[in-house]
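Undergrad: The following block contains the structure, expressed as structure tokens.
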Amino acid sequence: MSKNIAIIGGGPAGLMAAEIISAQSGFSVTVFERKPSPARKFLMAGRGGLNLTHSEPWDSFLEKYRDRADVLKKPLQEFSPQSLRNWCDGLGEKTFIGSSGRVFPESFKASPLLRAWLARFGSKVLV
Ligand SMILES: Cc1cc2nc3c(=O)[nH]c(=O)nc-3n(C[C@H](O)[C@H](O)[C@H](O)COP(=O)(O)OP(=O)(O)OC[C@H]3O[C@@H](n4cnc5c(N)ncnc54)[C@H](O)[C@@H]3O)c2cc1C
């Protein structure tokens, strides 16, 4: 029996979940977004320069999560700042470290990243 997974909300979290579920489960995935197009807040985030993550050493990076650091340690190890940079690279967007240590896509914007991301979904994920 073929199954279809529904994801409510087409922001970065929903799109990432859709991509991973589709790649790892083989189920088809449909993302339901209430706005006319997905990831509008993500696009707004890119207007002043999209800050993706930080390049600081692991211990101080983890400390930023304060009392949730214990809970988030494992997921952050599995999807680290470097994983995020690799993910961007895979979408054709190289990243760079700014003078503050923050990490940005070379274009500084979210729109090229979102375009490449949605194109990569192809017919596997409907948005
Ligand atoms: C001005 C600004 C600048 C920012 N700068 C940065 C930055 O530089 N770096 C950074 O990492 N973050 C930045 N952010 C934050 C970033 O945009 C958010 O962290 C990110 O968008 C959160 O993603 P999300 O998928 O969790 O939620 P959202 O982006 O809020 O996505 C949730 C989606 O679900 C949809 N939805 C909700 N309820 C329903 C429903 N019932 N049915 C269907 N759809 C529904 C919403 O319409 C929305 O599209 C910035 C935000 C703003 C506003």
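Undergrad: Sorting check: for 12-18, 121-127, which peptide has the highest mean count of neighbouring beta carbons within 10 Å, and how do the rest follow?
TA: 12-18, 121-127
Undergrad: Now, a different point. Near the amide H of residue 32, under 5 Å away, which other amide H atoms are found, from residues 5 or more places off or on another chain, if H is placed in the peptide plane?
TA: Distant-sequence amide H within range of residue 32: 7, 8, 9.
Undergrad: Roll a 1.4 Å probe over the protein heavy atoms and report the accessible area of residue 93 in Å², nearest 10.
TA: Result for residue 93: roughly 20 Å² accessible.
Undergrad: Starting at the first residue of region 117-124, write each ³J(HN,Hα) from the Karplus equation 6.51 cos²θ - 1.76 cosθ + 1.60 with θ = phi - 60°, in whole Hz, x for Gly and Pro.
TA: 5, 5, 5, 5, 4, x, 8, 6
Undergrad: Using a 1.4 angstrom probe on heavy atoms only, work out the carbon and sulfur share of the accessible area of the chain in %.
TA: 56 percent
Undergrad: At 1.4 Å probe radius, can you tell me the per residue accessible area of the chain in Å²?
TA: Here the per-residue accessible area is 65 Å².
Undergrad: With charges only on Cβ, +1 for K and R and -1 for D and E, what is the dipole size of the chain about its Cα centre, in debye, rounded to 20?
TA: My answer is approximately 480 debye.
Undergrad: Next question. Give me the distance in nm between label points sitting 7 Å out from Cα along the Cα-to-Cβ direction at residue 65 and residue 6, one decimal.
TA: About 3.1 nm, to one decimal.
Undergrad: Residue 107 accessible area, nearest 10 Å², 1.4 Å probe?
TA: Surface open to solvent at residue 107 totals about 40 Å².
The values are calculated or read from the model by the stated rules, or taken from the named source; none is laboratory data. Keep in mind that what you see is a predicted model, and the values were worked out from it rather than measured. No Cβ is skipped: glycine too gets one built from the backbone with ideal geometry, and neighbour counts run over all protein chains shown. These area figures cover heavy atoms from the full protein model, side chains too; ligands, DNA and RNA do not enter into them. Shrake-Rupley method; radii C 1.70, N 1.55, O 1.52, S 1.80 Å.
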